[in-house]
Amino acid sequence: MLELYPDTVKKNRNKHLVVKCDAAPSCPQIEANTRTVPGIITQRGCAYAGCKGVVIGPIKDMITITHGPVGCGYYSWGARRNKARADETTPPEKVYSALCFTTDMQEPDIVFGGEKKLAKMIDEVVAAFHPRAINICATCPVGLIGDDINAVAKAAQERHGIQIIAYNCEGYKGVSQSAGHHIANNNLMEKVIGTGTERKPGKHVINILGEYNIGGDGWELERILGECGYTVNSILTGDSSYENIKRLHLADLNLVQCHRSINYIAEMMETKYGMPWLKVNFIGMESTTTSLRHIARCFNDPELTAKTEEVIERETTRILPALEQYRKICTGRTAFILQGGSRAHHFQHLLGDLGVKVVVAGYEFAHRDDYEGRQVIPTIKTDADSKNIPELHVAPDPEKYRAAHEYLNLTTEQYEVLKKEIPIRNYEGMYPHMTDKGLMIDDCNHHEFEELIATLKPDLVFAGVRDKYVSHKLGIASKQLHAYDYSGPFAGYTGAVIFGRDVANALSTPAWKMVIPPWEKQRTEGSETHA
Ligand code: CFM
């Protein structure tokens with residue numbers, strides 16, 4: 001796979017590969033979150049995509065304006081399928097997440113500056129929609145020409161009396177969309193979280209961080225957690241509202257689903273408010289059950305534990321017969337997962353439920369801790385690219401800070417025991433869950449992808465929309481796990497069945513045997529073939 005590269009590239013790419021070895025207890029160091037070699041066709045996106053597309057965009061009742069040429073707004077519009085609907089805090093006319101707002105910068109704006117156009121657009125948006133709050137996301141040219149979006153936001157905020165937040169998330173701000181997650185986390189933490197005053201009613205109030213309601217995943221989690229007896233205060237940011245994010249601190253526990261995109265807020269909230277966080281994974285039947293038991297353990301409430309077990313029992317009994325049928329079709333098959341920064345790990349659990357072995361798993365933009373575990377964080381070297389994003393210095397809030405064990409109504413001793421037994425403030429990364437001899441690959445590129453397919457011939461590929469069609473042309477079933485194509489939810493118990501059905505369908509269709517790649521066709525039919 002590396003043969004074709006010049007020596008320097010070969011050396012570079014070699015550091016991004018780790019083969020799992022069950023006999024070796026810990027994960028060898030992998031290089032991650034560093035620049036892609038210029039000229040290589042990476043699967044990565046930009047900082048703007050991470051900020052606007054991933055973290056900020058799904059907030060349903062804030063209008064998010066893309067300040068930039070029309071393409072940035074257009075291509076980050078709608079494709080991620082982060083669903084949202086009206087609810088008791090948000091009437092239908094205040095749900096904007098399906099709309100696209102952009103200043104559509106033109107050449108004169110690039111030459112003479114786009115600040116006036118942005119200010120005018122904010123005025124128009126306020127007059128037409130009366131939103132509760134506005135986000136402004138910067139794209140590359142904004143930083144290049146020096147438009148001061150922070151000043152425009154500040155002036156407009158004074159003019160209109162609503163919160164207007166500017167995000168300096170120019171696409172080039174980092175080596176991937178990961179930088180955008182961090183920028184979005186910082187802004188939400190600094191300006192929105194903690195400003196709410198009213199706690200939602202309920203005995204155990206929780207937040208789900210790093211869940212974006214793709215294909216309705218978040219709704220399935222809300223259903224399950226609600227039935228166990230929790231009040232879900234806010235999901236960050238799938239189907240979330242501005243009001244609920246403001247009161248994020250008025251809960252008892254933060255659950256962290258996608259560690260990569262949101263661990264900053266989980267950590268900062270712990271420092272500022274003392275609120276504990278727990279790593280969960282709701283992708284897969286077994287892992288959903290494990291996560292539910294972990295959450296219940298945090299609260300040490302017999303009634304909650306009993307209710308949780310009841311839900312687990314009922315749900316698994318409900319889905320097992322269907323899952324068994326799909327397992328018959330899927331068992332023994334192999335798969336690749338090449339995803340952003342958390343699903344290549346999470347979906348291994350769900351595929352495991354179906355008997356599918358993941359032989360190659362890769363992240364586009366994860367950091368070393370997502371592969372190796374959080375214990376390596378102190379050893380990660382900061383480079384010029386990571387220094388590009390300002391670190392927020394958060395201190396304990398003198399009025400709102402409480403010790404972590406108080407949030408859970410535990411004694412300090414009970415909390416210490418809990419921390420040892422379940423992943424409180426901890427994430428062990430993907431490595432421990434890889435199958436023996438499986439390949440972990442960081443920032444996999446097009447060439448490597450094709451080589452790996454030719455060599456390992458997997459039955460299934462889970463990747464992005466571009467790689468999906470490459471796989472199809474190679475005659476391999478493929479689903480994209482970013483927006484779930486047109487399917488979902490894939491989370492929780494109901495999601496496990498839907499995913500099982502989709503995968504079993506993909507494996508049973510005779511289509512892949514009928515596909516003759518164009519080059520093969522040419523070979524069999526000779527040079528006479530046209531088109
Ligand atoms: Fe987290 Fe995500 Fe992902 Fe991500 Fe993404 Fe995504 Fe993803 Mo696409 S927040 S890191 S930046 S789980 S959009 S919902 S599917 S690459 S693996």
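The values are calculated or read from the model by the stated rules, or taken from the named source; none is laboratory data. From a predicted model like this one, the values you see are computed outputs, not experimental measurements. All Cβ positions, even for glycine, are placed from backbone atoms using ideal geometry, and neighbour counts span all protein chains on display. Accessible surface is based on the protein model in full, side chains and every heavy atom, while ligands, DNA and RNA are left aside. Shrake-Rupley method; radii C 1.70, N 1.55, O 1.52, S 1.80 Å.
Assorted remarks:
- Paramagnetic reach from K203 (point 7 Å along Cα→Cβ, amide N under 12 Å) across the stretch 281-316: 299-308
- Relative protection proxy for 320-332, 74-86, from highest mean packing down: 74-86, 320-332 (other beta-carbon atoms within 10 angstrom).
- Under 5 Å, built H, 5+ apart or other chain: amide partners of I65: N135, I136, C137
- Under 11 Å, Cβ to Cβ, from A84 - net charge with Lys/Arg +1 and Asp/Glu -1: +2
- Calculated FRET efficiency, A23 to E428, Cβ-Cβ distance, R0 = 25 Å: about 0.85 to the nearest 0.05.
- E413-A86 FRET efficiency (beta carbon distance; Förster radius 41 Å; 0.05 resolution): 0.35
- Part-to-part distance (alpha-carbon centres) for the stretch 242-296 and the stretch 11-52, which is given in Å: 26
- Ordered by solvent-accessible area of protein heavy atoms (1.4 Å probe), largest first, the residues K473, K457, K246 come out as K457, K473, K246.
- Projected onto planes of every orientation and averaged, the convex hull of the alpha-carbon atoms in the stretch 94-231 covers 10.4 nm².
- Accessible surface of the chain [probe 1.4 Å, protein heavy atoms]: carbon and sulfur percent: 55
- FRET efficiency, E227 to Y75 (Cβ-Cβ, R0 41 Å, nearest 0.05): 0.60
- C140 sits with roughly 50 Å² accessible to a 1.4 Å probe, with DNA, RNA and ligands left out of the calculation.
- When K117, K381, K468 are compared by accessible area of protein heavy atoms, the largest-first order is K381, K117, K468, using a 1.4 Å probe.
- Using the Cα coordinates of the chain, the gyration tensor eigenvalues translate into equivalent-ellipsoid semi-axes of 35, 32, 23 Å, sorted from longest to shortest.
- Each residue of the stretch 187-192 is assigned a 3J(HN,Hα), and the resulting list reads 5, 4, 5, 6, 10, 10 Hz, derived from the Karplus form 6.51 cos²θ - 1.76 cosθ + 1.60 (θ = phi - 60°), x at Gly and Pro.
- Solvent exposure of D383, expressed as accessible area, is near 50 Å², computed with a probe of 1.4 Å over the protein chains only.
- Span from the the stretch 478-495 Cα centroid across to the the stretch 175-232 one, whole angstrom: 20
- Stokes-Einstein D (µm²/s) once Rh is taken as the Kirkwood radius of the stretch 176-330 over alpha-carbon pairs, at 4 °C in 1.567 mPa s: 79
- Label-to-label distance, nm, for residues given as N14 and A306 (7 Å Cα→Cβ offset): 6.2
- Where labels lie 7 Å past Cα in the beta-carbon direction, separation of H447 and F112 in nm: 4.7
- Cα→Cβ-extended label distance, 7 Å offset, between E313 and T331, nm: 2.7
- In the chain, the calculated helix contribution to ellipticity at 222 nm averages -12500 deg cm²/dmol per residue, counting -39,500 (n - 2.57) for every DSSP H run with n ≥ 4.
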